[in-house]
Amino acid sequence: MVQTSRSFFWVDIWWYLLSAALVILAFFLLFPLVRLSNYGLIVFFSLIIAGVGVAVRKYVIWHFNIFLITNQRLVIFEQKGIFHKNVTETAFDNIQDISYNKKGVWPTVLDYGTIIVKTASLNSKLEFKKVKNPGKIQEKLVEIQTENANNDL
């Protein structure tokens, strides 16, 4: 194994702030909700469960989205939801083009973007979004691809 990479954690900080806001809101409204008896407690616990649920979901998706670079292939583990996962892999022999893009102020300032790998099979492309240091990862991929091409000769 050469390198693993995940999406840049701070990009999704807004989801974690929303989660914290829901939990804080639940405790801020605790006394007025308690006066509503059972309905108030249902709202209180619903806010807490929603806040924790949002944070757990985003963390699981972040943790299991992995861009794996080995000496022979490239593997993308893409977690789309708690129970939805896609795994895509391609050998370096099938890669035709490796590029990246950064679009916007925050991606440029924080140095994150999308790695785009075009493969020979039906002109498909693999994308790994919100990855930190996409330029360095692209250089590493090109380096490994060149080494594999030289070894094949």
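The values are calculated or read from the model by the stated rules, or taken from the named source; none is laboratory data. Worth saying up front: this structure is predicted, and the values here are computed from it rather than measured. Heads up, the Cβs are rebuilt from the backbone with ideal geometry, glycines too, and the neighbour counts pull from every protein chain shown.
Values as computed for the structure displayed
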item: Those residues of region 116-133 which are of a type in the set (A, V, I, L, M) and either at pLDDT 90 or above or surrounded by 11 or more Cβ atoms within 10 Å (Cβ to Cβ) (or both), in sequence order; result: ILE116, VAL117, ALA120, LEU126, VAL131
item: Selection from region 19-43 of residues that are small (Gly, Ala, Ser) and either assigned to a helix (DSSP H, G or I) or closer than 30 Å to ILE115 by Cβ (or both); result: SER19, ALA20, ALA21, ALA26, GLY40
item: Count of region 74-98 residues which are within 14 Å of GLN138 (Cα to Cα) and either of a type in the set (Lys, Arg) or within 18 Å of the chain's Cα centre (by Cα) (or both); result: 1
item: Cβ-Cβ under 7 Å pairs, at least 6 apart or on other chains, region 1-18 side in a helix (DSSP H, G or I), far side charged (D, E, K, R) and buried (at least 16 other Cβ atoms within 10 Å of the Cβ); result: VAL11/LYS130; ASP12/LYS58; TRP15/LYS58; TYR16/LYS58
item: Residue tally, condition surrounded by fewer than 18 Cβ atoms within 10 Å (Cβ to Cβ) and out of contact with any helix residue (DSSP H, G or I) (no Cβ under 7 Å at 6 or more places or on another chain), over region 53-80; result: 12
item: Count of residues meeting criterion [within 15 Å of ILE66 (Cα to Cα) and either more than 15 Å from the chain's Cα centre (by Cα) or part of a strand (DSSP E or B) (or both)] in region 118-133; result: 7
item: Qualifying residue in region 88-95 (condition: small (Gly, Ala, Ser), in contact (Cβ under 8 Å) with a residue 40 or more places away in the chain and part of a strand (DSSP E or B)); result: no
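Every residue, every condition in (1) part of a loop (DSSP other than H, G, I, E, B); (2) touching a Pro at 6+ places or on another chain (Cβ under 9 Å); (3) at pLDDT 90 or above, yes or no:
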{"residue": "VAL54", "(1), (2), (3)": "no, no, yes"}
{"residue": "ASN71", "(1), (2), (3)": "yes, no, no"}
{"residue": "LYS103", "(1), (2), (3)": "yes, no, yes"}
{"residue": "THR108", "(1), (2), (3)": "no, no, yes"}
{"residue": "THR114", "(1), (2), (3)": "no, yes, yes"}
{"residue": "GLY135", "(1), (2), (3)": "no, no, yes"}
